[in-house]
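The values are calculated or read from the model by the stated rules, or taken from the named source; none is laboratory data. This is a predicted model, so every value here is computed, not measured. So basically every Cβ, Gly included, is an ideal-geometry build from the backbone, and we count neighbours across all protein chains shown. Surface areas here come from the heavy atoms of the whole protein model, side chains and all, with no ligands, DNA or RNA. Shrake-Rupley method; radii C 1.70, N 1.55, O 1.52, S 1.80 Å.
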Amino acid sequence: MAILLALIPILPLAGFLFLSIMGGRIPRRMIAFIGAGLIGMAAMLTPIMGLIFLVSPPPGGAIAVTLWEWISTGGLTAAITFRLDALSLVFIFVITLVGFLIHLYSVEFMADDEGYARFFAYMNLFVSSMLILVLADNLLLLYLGWEGVGLCSYLLIGFWYKEPANGYAARKAFIITRIGDTAMIIGLFLLFIHLNTLNIQELMQQAAVKWGQGSSLATWAALLLLGGALGKSAQLPLQTWLPDAMAGPSPVSALIHAATMVTAGVYLIARTHVLFALAPAVQLAVATIGALTLLLAGFSALTQHDLKRVLAYSTISQIGYMFLALGVGAWSAGIFHFMVHAFFKALLFLAGGAVILVLNEEHDIFKMGGLRKKLPVVFWTFLIGSASLAALPLITAGFYSKDQILWFAWSANKGNPWLWAAGLTGAFLTSLYTFRLVFLVFFGESKIQPTHQPGRLMVIPMVILAAFSLLAGFIELPGSMGHIRLFSGLLDTILPTVNMIHGNLPEVFFQVLSAVVSLTGIYLAYLVYLKKPALGDSFNKTRLSNFFYQGWDFDRLYDILFVKPLVWLAEIDKNDFIDIFNSAIARITLWFSSLLSLTQNGKLRWYVMGFAIGIVFILTILMNL
Amino acid sequence: MVTIPVEIQILFAGLLFLIGLIGLLVRRNVIFMLMSIEVMFNAAGMVFIIAGAHWAQVDGQVMFIFMLAVTAAEVSVGLAIILQMFHHYKTLDVDELNKLKEIN
């Protein structure tokens, strides 16, 4: 049975290989069939594996299947081993399910694109890499998947490569995440040198034994791994690439830049939680970065004009919540929010993409409006997604996941009121910018006419995701209402539970508070953007608004801090000794070449003269011998 | 019968070759250049005959007959090229044909 597990990442990989070799020669229906079908098969295998896993829990809490020995040299052994435990089960479930729905959506969304086969090939490679990342048994294999998803992200952001801006966005995403990846690989070296293995389980056991609480090695290792996570998950200070990554097609934004790849950092931290628990300072940094990022991105999302950029900042902000949860030690709460976020954010991107598609590539939300009646299905699904994102109390999944994080930010022993306050402010911002989007796009006066209705293949995934966005919350109800712990019960087998501070305020108090905050945000959005648009306009003209709009001017800051000095150094370094030496070689060669090329003048008799002189030379030499 | 010493014979062939070479170098008319090449060919053939006679071997004459065949083929190709050249450029001056060179 274990071999079925290996099939889950292999099927999409086969799809990639087939489509990249045969893609140009097979009909479009066939491309769609293979591209989406193989992911569909993987998505069907996942619940089977999940059932096997849940019904008869394997010894040690994990199913492992080794395909072959990948590297074995010196002390380093790395095998292609897939390991399924509760954490990776949640991840492969989300990746294959959301991945399949998005592939289905893309069949119609990309129908008229000339790069149809290329698109599905890249998407399949992405799903495969992501599955390798979360199923990897050692950090080297994880790193393979990690770089694989980075590559696919680059390829898909620049999918419409004829537009130079898209290529720029792709390079920006690649290079900025590369900064984090470099930190991460140095972290891997550090772990290997000191613990002599890269197998995650052994690594965690040995780290716990050899390294003491707060030891400097554990701190460095955790810090370097955190660097990788920050780059991939677009957290402060490496968050600037994600808004620009929206240059890619909408399904790409939904799959890679909302649901799965950007949460790889969350996965990495949860996977190496032992290290982070050994380094409390780094764990506090995780929580602080999460809290800061969620605020920063929330403010930026409030001022964007482009529908997809609002969602991009919102993604950064929601991943901030996940980091906050991980940082306060509420591991399963972070993973739960990841799952719920994957559903509603993928839904929002798909619905947003549908809006953009039927409005002929109109991205500006201020030019939309009144689409509620014209695109009813898109409206209702988008509304459900927004409600979940804004954590509308009781009925949405987003409420249960976010409420849990806020509760732990206050009551966990690693939490503190500041983190909680940041989270609560973020919740207010979230519901404000989310419903700003809803009111501007779907309510108000009609400004634009959709060209057609999205078809069946686009609507079905949206409806399914909408259902998940509402229902996924009910598998994990807080202690104050129902106390269902299906999700955290599953994850508690591998992730430690939260240490609470006793004698605190009751949980209900926090739930009511966050419900009030969420509803206030929605009401304020209604007031500012629908009732009195003048209020919103006057804010948009301020310099503060522009500052938020530019993403807190991080791009300009980095330009001054890094790009300009580097360009300046390169400028002055252009004429150093080595360069002079090298260019002198080139110049001398050119000079000789131009001298010799004089002899090649096209005059036949000149050449004959050359022969004759040559013969005389040879004869003279021969005679002297 | 007076036998001419072999050195004189070789010298004669060398002279013939030199005449051909000088003709090739100084003439600009491509037909004359072809003719000069023929002269040089015959000088080479002459050496074969001389060598064959000197060592009383038939191989020298056999080689000369081979050479005649090769020369005939060469001349027919050469004349065809000259015809084409005249057809295209309306000239037989070989210095006019200097397109194939390094541009600088």
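The Rg/Rh ratio for the protein assembly as shown, using Cα coordinates for both the radius of gyration and the Kirkwood hydrodynamic radius, is 1.26.
Computed log10 I(q)/I(0) for the range A:294-394 at 0.19 Å⁻¹: -0.96, from the Debye equation with unit scatterers placed on every C-alpha and solvent omitted. Once the Cα atoms are used to define both axes, helix A:376-389 deviates from the longest principal axis of chain A by about 80 degrees.
Think of chain A as a dipole: +1 on every Lys or Arg Cβ, -1 on every Asp or Glu Cβ, centred on the Cα centre; then among A:Gly115, A:Leu67, A:Ala312, A:Gly115 lies furthest on the positive end. Starting from the Cα gyration tensor of the range A:38-129, take the square roots of the eigenvalues, sort them a ≥ b ≥ c, and report rounded, prolate or oblate (rounded when a/c is under 1.5, otherwise prolate if a/b is larger than b/c, else oblate). Note, shape of the range A:38-129 comes out oblate. Compute log10 of I(q)/I(0) for the range B:7-103 with the Debye formula, placing one identical point scatterer on every Cα and leaving out solvent, at q = 0.16, 0.26 Å⁻¹, to two decimals. Log10 of I(q)/I(0), two decimals: -0.76, -1.27. Toward the positive end of the charge dipole of the protein assembly as shown, with +1 on the Cβ of Lys and Arg and -1 on the Cβ of Asp and Glu, the farthest Cα among A:Leu569, A:Phe16, A:Ser253 is that of A:Ser253. Across the options B:Leu21, B:Ile10, B:Ala43, the greatest Cα extent toward the positive end of the charge dipole of the range B:7-103 (unit charges at beta carbon of Lys, Arg, Asp, Glu) belongs to B:Leu21.
If I compute solvent accessible area with a 1.4 Å probe over the protein chains, what percent of it on the range A:477-625 is carbon and sulfur?
73 percent
What does the C-alpha gyration tensor say about the overall shape of the range A:290-349? Classify as rounded when a/c is under 1.5, otherwise prolate if a/b is larger than b/c, or oblate. It comes out oblate by the Cα gyration axes. Each peptide in A:466-479, A:31-44, A:79-92 gets a packing score, the mean of other Cβ atoms within 10 Å over its residues, and the list from highest to lowest is A:79-92, A:31-44, A:466-479.
Over chain A, what relative contact order in percent results from Cα pairs under 8 Å that are six or more residues apart?
Computed value for chain A: 12 percent relative contact order.
With contacts taken as Cα pairs under 8 Å at a separation of at least 6 residues, chain B carries a relative contact order of 26 percent. In the structure shown, the pairs A:Lys172/A:Lys574; A:Lys172/A:Lys210; A:Lys172/A:Lys373; A:Lys345/A:Lys531; A:Lys232/A:Lys367 are assessed against 29 Å; a Cα-Cα span above that value is assigned to A:Lys172/A:Lys210; A:Lys172/A:Lys373; A:Lys232/A:Lys367. Summary of packing: across the peptides A:122-132, A:594-604, A:566-576, A:189-199, the per-residue average of other C-beta atoms within 10 Å ranks them, highest first, as A:122-132, A:189-199, A:594-604, A:566-576. Take each residue in A:594-605, count the other chain C-beta atoms within 10 Å of its C-beta, and the mean is 4. Quick one: compute the contact order of the range A:472-625, relative version, from alpha carbon pairs under 8 angstrom and 6+ residues apart, as a percent. Relative contact order here is 7 percent.
For the peptides A:338-348, A:286-296, A:449-459, A:489-499, the ranking by mean Cβ contacts within 10 Å, running from highest to lowest, is A:338-348, A:286-296, A:489-499, A:449-459. Simple point charges give the picture: +1 on the Cβ of Lys and Arg, -1 on the Cβ of Asp and Glu, and for chain A a dipole about the Cα centre of about 960 debye. Protein heavy-atom accessible surface, 1.4 Å probe, per residue over the range A:575-623: 85 Å². With a 10 Å cut-off around each Cβ of A:316-323, the average count of Cβ atoms from other chains is 0. The figure for A:Val107 is an accessible area of roughly 30 square angstrom, using a 1.4 Å probe on the protein chains alone. Of the residues A:Phe547, A:Phe439, ranked by 1.4 Å probe accessible area with the largest first, the sequence reads A:Phe547, A:Phe439. An oblate overall shape is assigned to the range A:575-623, the ratio a/c of its alpha-carbon gyration tensor axes (a ≥ b ≥ c) being 1.5 or greater and a/b not exceeding b/c.
Its Cα centre serving as origin, the range A:463-598 has a Cβ charge dipole (Lys and Arg +1, Asp and Glu -1) of approximately 500 debye.
Remark: the range A:1-115 carries a charge dipole of roughly 200 debye about the Cα centre, counting +1 on each Lys and Arg Cβ and -1 on each Asp and Glu Cβ. Ignoring aspartates and glutamates fewer than eight residues from A:Lys162 along the same chain, the ones with Cα atoms less than 20 angstrom from its Cα are A:Asp112, A:Asp113, A:Glu114, A:Asp244, A:Glu361, A:Glu362. Helix A:577-597 sits at what angle to the longest principal axis of chain A, using alpha carbons and giving 0 to 90 degrees rounded to 10? Taking the Cα atoms of chain A, the angle to A:577-597 is about 40 degrees. Within chain B, which is the longest segment that contains none of the trypsin sites (Lys or Arg not before Pro) sitting in a DSSP loop with at most 11 other Cβ atoms within 10 Å? The answer is B:1-89. So what's the angle, to the nearest 10 degrees on a 0 to 90 scale, between helix B:6-26 and the longest Cα principal axis of chain B? That works out to roughly 0 degrees.
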